[in-house]
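None of the figures in this text is laboratory data; all of them are computed from the coordinates on show. Bear in mind the structure is a predicted one, so any value in this text is a computation, not a measurement. Cβ atoms come from the backbone with ideal geometry, glycine included; neighbour counts cover every protein chain shown.
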Amino acid sequence: RSTTPVNITIKNVAFTTELKIDGPTNSNILLDHDSWTNVGCHSIGSAARLHLIYGTNTTAPSGVTVEYSSFVGGSAQGIQMGLAMNIIDNYFAHIYEGPDTDCHTDPILPECGSSPCNSPTATPSVIKGNLFYDNADGITDFDGGGRLDIENNVIDTTTENTGIDLGSDRASSVIHNSLLNISRLAAGIELTSKRGQTPSTGTIIR
């Protein structure tokens with residue numbers, strides 16, 4: 001776990017545990033061609049393989065980019081972030097709960113909630129050019145986040161869960177994505193909200 005890191009490149013590393021980055025701002029951190037394979041949430045003591053923890057100045061971008069990396073197998077979710085980051089050209093495959101039914105298994109889970117990261121002045125997270133194959137779901141932001149730029153991703157899943165799920169969304173852009181083999185019991189893109197939360201607003205789907 002690192003605090004206030006800057007100007008770091010982590011390349012060609014095969015992780016077997018969680019990587020936490022705590023509260024970075026404009027940090028210029030690059031994760032390039034790294035891998036997290038068959039990582040279980042109970043084996044690492046947390047839900048996420050790459051965890052970008054909430055910071056105090058959440059309207060600013062974290063400066064963290066993960067690219068050309070793979071998140072394959074296991075019950076731990078792929079990436080969880082409470083700050084804006086770039087997730088570009090990565091591979092997410094075969095991420096399921098299995099026997100770990102109390103685990104999160106989302107390949108990408110933004111967790112902004114009601115904090116300043118979804119304000120009109122906040123920098124959006126960029127989720128672009130990723131391939132999702134045979135996972136429990138795809139990109140999920142259930143709790144009122146938003147400010148996501150979701151472009152040119154391919155999500156191929158036959159589960160009963162939604163490919164892109166943006167609950168109580170605030171002004172995300174969902175542009176030129178391909179959603180394949182979506183179950184008849186699921187939605188390709190969902191913008192509904194939990195009970196008691198506000199409806200999605202300002203979302204662009206093109």
Could you give the size of the charge dipole of the chain about its Cα centre, using +1 on the Cβ of each K and R and -1 on the Cβ of each D and E, expressed in debye and rounded to the nearest 20? 440
Dividing the mean separation of Cα pairs under 8 Å (6+ apart) by the residue count of the chain yields a relative contact order in percent of 14
Dipole of the chain, positive direction: furthest Cα of His42, Tyr96, Leu31, with charges on the beta-carbon: Leu31
Identify the residues of region 76-113 with backbone N under 19 Å of a label point that sits 7 angstrom from the Cα of Ile10 along the Cα-to-Cβ direction, or state none. 76-93, 106-111
When averaged across all projection directions, what area in nm² does the alpha-carbon convex hull of the chain cover? 10.4
Using helices alone, what [θ] at 222 nm do you get for the chain, with -39,500 (n - 2.57) per DSSP H run of 4 or more residues, divided over all residues and rounded to the nearest 500? -500 deg cm²/dmol
Write down the Å³ per residue value for the convex hull defined by the alpha carbon atoms of region 109-206. 86
What relative contact order, as a whole-number percentage, does region 116-206 give when Cα pairs under 8 Å and 6 or more residues apart are counted? 28
